[in-house]
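Please treat every number below as a calculation from the coordinates, not as lab data. Quantities reported herein were computed from a predicted structural model and do not represent experimental measurements. Reconstructed Cβ throughout: ideal geometry from the backbone, glycine too, with neighbour counts over all protein chains shown.
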């Protein structure tokens, strides 16, 4: 067996064995829609140079998220909408730190970069209409949806054991959330075709890495069929 064959079989095995669905139980799952924001997903957004908006159009990830949200509602699965932003007035941009330097650097050319209260950080209109008053919106400053937020507190109170992850960018904030969730003991299931990256090559690499290290990566159709059995 060649090294590539071994690698392919290993990755496939990580998806198929053990049967991860046995750890996913009714009443213990939550959906996280990560960073589906105008700055990332609109051609006129501040981060359009990354071309995530283009890849999202090509792989129809936004449409898949819509289908997943509808399926999760029917299955009574709680839904969290995650946004990445910084507080107005620079209250969380600290001088003398690399993070503060990075934000200041971006804002030299993009004054409203990740700025609270702007159109840029709002959920895109195509998904905003799906937000229910029972849903929970979590604002974060960094990549992981757990870091510096109340997400884990909500999940513990709700008795959640499985996280269904979709959103943007697969190789950055989605992956970071999956890693942190796994370390905290959650089964983190990545819905691969409900995410997008800067390009298809990066997307494939992110999905392979996720499956190898973090947890299962599935399709929208597979997940919806699973939820129908609930």
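Brief remarks follow.
- In the stretch 101-230, Cα pairs under 8 Å separated by at least six residues give a relative contact order of 17 percent.
- For the stretch 23-135, diffusion coefficient by Stokes-Einstein and Kirkwood Rh (Cα), 10 °C, 1.306 mPa s, µm²/s: 101
- DSSP beta bridge pairing in the chain, given as percent antiparallel to the nearest 5: 5
- Cα point-scatterer Debye curve for the stretch 98-156, base-10 log of I(q)/I(0) at q = 0.13, 0.25 Å⁻¹: -0.48, -1.15
- Using 0.36 nm per residue and subtracting the Cα-Cα separation, the extra length available between residue 28 and residue 122 on full extension is 31.0 nm.
- Principal axis extents of the C-alpha atoms in the stretch 133-190 (largest first, rounded to whole Å): 28, 22, 20.
- Taking the longest Cα principal axis of the chain as reference, the axis of helix 98-109 is set at about 60 degrees.
- Taking Cα atoms only, the orientation of helix 3-16 departs from the longest principal axis of the chain by about 90 degrees.
- Take the Cβ atoms of residue 183 and residue 131, set R0 to 30 Å, and the FRET efficiency comes out at 0.60.
- Ellipticity at 222 nm from helices only: DSSP H runs of n ≥ 4 in the chain, each -39500 (n - 2.57), divided by the residue count, give -12000 deg cm²/dmol.
- Equivalent ellipsoid dimensions for the chain as semi-axes, Å, which come from the Cα gyration tensor, largest first: 29, 21, 17
- Across the stretch 85-158, C-alpha contacts under 8 Å between residues 6 or more apart give a mean separation that, scaled by the residue count, equals a relative contact order of 25 percent.
- Diffusion coefficient (Stokes-Einstein, Kirkwood radius over C-alpha pairs, 20 °C, 1.002 mPa s) for the stretch 147-228: 164 µm²/s, rounded to a whole number.
- Degrees separating the helix 200-213 axis from the principal Cα axis of the chain, which is the longest one: 60
- Computed over the stretch 11-120: relative contact order in percent, which uses C-alpha pairs under 8 Å that are six or more apart: 28
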